[in-house]
Amino acid sequence: MNSETTQRILEAVDAAFDAQLATTRDFVAIPSTRGAEGPCQDMIGDLLRERGYEVDDWHIDLDELKDLRGFGPVEHDFSRARTVVGTYRPATVSGKSLILQGHCDVVPAGPLEMWETPPFSPVVRDGKMYGRGACDMKSGTIGALYALDAIKAAGFKPTARIHFQSVIEEESTGVGALSTLQRGYRADACFIPEPTGGKMVRSQVGVIWFRLKVRGHPAHVFEAGIGANAITAAYHLIGALQKLEAEWNERAKSDRHFKGLTHPINFNPGIIRGGDWASSVPAWCDVDCRIAVLPGWLIAEAQNEIRACVAAAARDHRFLSNNPPDVEWSGFLSEGYELKDSAEPEAAFGKAYAAAYGGEVEDLVFTALTDTRFYGLNYNIPSLCFGAAGAAMHGFNEYVDLQSLRKSTKATALFIAEWCGVEKA
Ligand SMILES: [Zn+2]
């Protein structure tokens, strides 16, 4: 790509940046927590249709996905779950095809009083946009759409097929991304603009979700000695799983990417429910947990270790030894992913990065997961993950930094042009 083309695309991103932010704000304003992503998918479908993409908008059928690699069980009502893909087909084919993907689901906002401004009323303040999903990752999805717009506004059109995918469930199972592969979408590379702080994800953990189901024996507290408290028993199991976490972190010291991190495996008891009455010994306690695994670790083996850890802890507990707890798989069953067979798209991205940022892109070893794994592991589609900077994803006062968003949008636009090729419109 010559420097004039590059320059025109960079200028086009700047020229439309205010419009990009307005669209981002509208997108962030939709409270698209799990199960409520429909209005986001409607909005993306409209944005794609307005721009002349061929739109495929379908309901996800879990039966078609359940035998695919990386499927995680879905426990909630899934009857309204949809995926939206907009396809661009070039008149002339000379470059390489591309999947651009973003997830529109966001995690719950948590207690509203802990936000400075309401999570679904996005505001721009001091060069940052605040709101749930502003950073993770609605600004990235809209940025990719405007990156495509910038190529057009600069007077060019891509010379390869492009699929723009808006998916759900990235935050709990990944079945949205999986559904695009089941539907048959493939390309020579995939690019996901998650907020990576301007770094390229080199290696990322996988995640397992599971639920401890502890059953106690109810009694009035005045005779608590005869009951068995399911909540305190659950704490015993959590303690054992923290030891497993430490063991896995020890094992991580031999991983070539993760050995540089002090605590890459994080175990998190994330939800606890139990008991029915303050004066009754709780007869039940459910604890929803998340733990990470590293690339190359087999999910089935990790599941066996979790089961064995819980069983061993139960054996040395007075009550649990006769009333063993259950372990249920409640979401992610995801392998880790290490970027590979990616020299070509990385070379194209390297040029784009140099023009937008200057210098060479830094690697990121990521202790969370992204949807890239499905494309890479299931179909060997090299899957790049790169995007803006921000903070408090999954926390309070989440924001995306707008200068970094402008830059990452530029790098995205130049990468698309470099990878897919462009011709004069
Ligand atoms: Zn995300």
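Worth a mention:
- Cross-chain or 6+ apart pairs with Cβ under 6 Å, the range 15-27 first and in a loop (DSSP other than H, G, I, E, B), then hydroxyl-bearing (S, T, Y): A16/Y146
- Within the set V74, V13, V28, the sole residue that is within 30 Å of A347 (Cα to Cα) and open to solvent by less than 70 Å² (accessible area, probe 1.4 Å) turns out to be V13.
- Meets criteria (modelled with pLDDT of 95 or more, aliphatic (A, V, I, L, M), under 22 Å from A134 (Cα atoms) and assigned to a loop (DSSP other than H, G, I, E, B)) for I30: yes
- Against the list (1) surrounded by fewer than 22 Cβ atoms within 10 Å (Cβ to Cβ); (2) within 16 Å of the ligand (Cβ to nearest atom); (3) farther than 28 Å from L298 by Cβ, the condition E344 fails is (2).
- Subset tally (residues that are within 23 Å of V84 (Cβ to Cβ) and open to solvent by 30 Å² or more (accessible area, probe 1.4 Å)) for the range 101-148: 2
- Selection from the range 123-144 of residues that are out of contact with any Pro (no Cβ under 8 Å at 6 or more places or on another chain) and under 28 Å from F71 (Cα atoms): G133, K138, I142
- Selection status of K152, more than 16 Å from the ligand (Cβ to nearest atom), surrounded by fewer than 18 Cβ atoms within 10 Å (Cβ to Cβ) and assigned by TED's automatic domain parsing to the domain that holds G86: yes
- Which numbered condition A81 fails, given (1) at positive phi; (2) among the small types (G, A, S); (3) touching an Asp or Glu at 6+ places or on another chain (Cβ under 9 Å): (1)
- In this structure, G102 does satisfy being in contact with a helix residue (DSSP H, G or I) (Cβ under 7 Å, 6 or more places away or on another chain) and within 16 Å of the ligand (Cβ to nearest atom).
- Evaluating G395 against the criteria (1) assigned by TED's automatic domain parsing to the domain that holds V287; (2) surrounded by fewer than 17 Cβ atoms within 10 Å (Cβ to Cβ) leaves one unmet condition, (1).
- Elements of type strands (runs of 3 or more DSSP E) in the range 186-303, at least 3 residues being open to solvent by 20 Å² or more (accessible area, probe 1.4 Å) and within 16 Å of the ligand (Cβ to nearest atom): none
- G336 meets all of the listed conditions (1) open to solvent by less than 40 Å² (accessible area, probe 1.4 Å); (2) of a type outside the set (F, W, Y); (3) in contact with an Asp or Glu (Cβ under 7 Å, 6 or more places away or on another chain) but one, namely (3).
- Filter result for the condition that a residue is within 16 Å of the ligand (Cβ to nearest atom), not in a helix (DSSP H, G or I) and not aliphatic (A, V, I, L, M), over G358, G395: G395
- First in the range 350-378 and within 21 Å of G70 (Cα to Cα), second anywhere and open to solvent by 30 Å² or more (accessible area, probe 1.4 Å) and polar (S, T, N, Q), Cβ under 8 Å, 6 or more apart: T367/N266
- Of the residues in the range 67-77, at least one is basic (K, R), within 24 Å of W329 (Cα to Cα) and at pLDDT below 95.
The values are calculated or read from the model by the stated rules, or taken from the named source; none is laboratory data. Note that the structure is predicted; figures quoted are calculated from it, not measured. Quick reminder, even Gly has a Cβ in these numbers, built from the backbone with ideal geometry, and neighbours come from all protein chains shown. Keep in mind that these areas ignore ligands, DNA and RNA; they rest on the heavy atoms of the full protein, side chains included. Shrake-Rupley method; radii C 1.70, N 1.55, O 1.52, S 1.80 Å.
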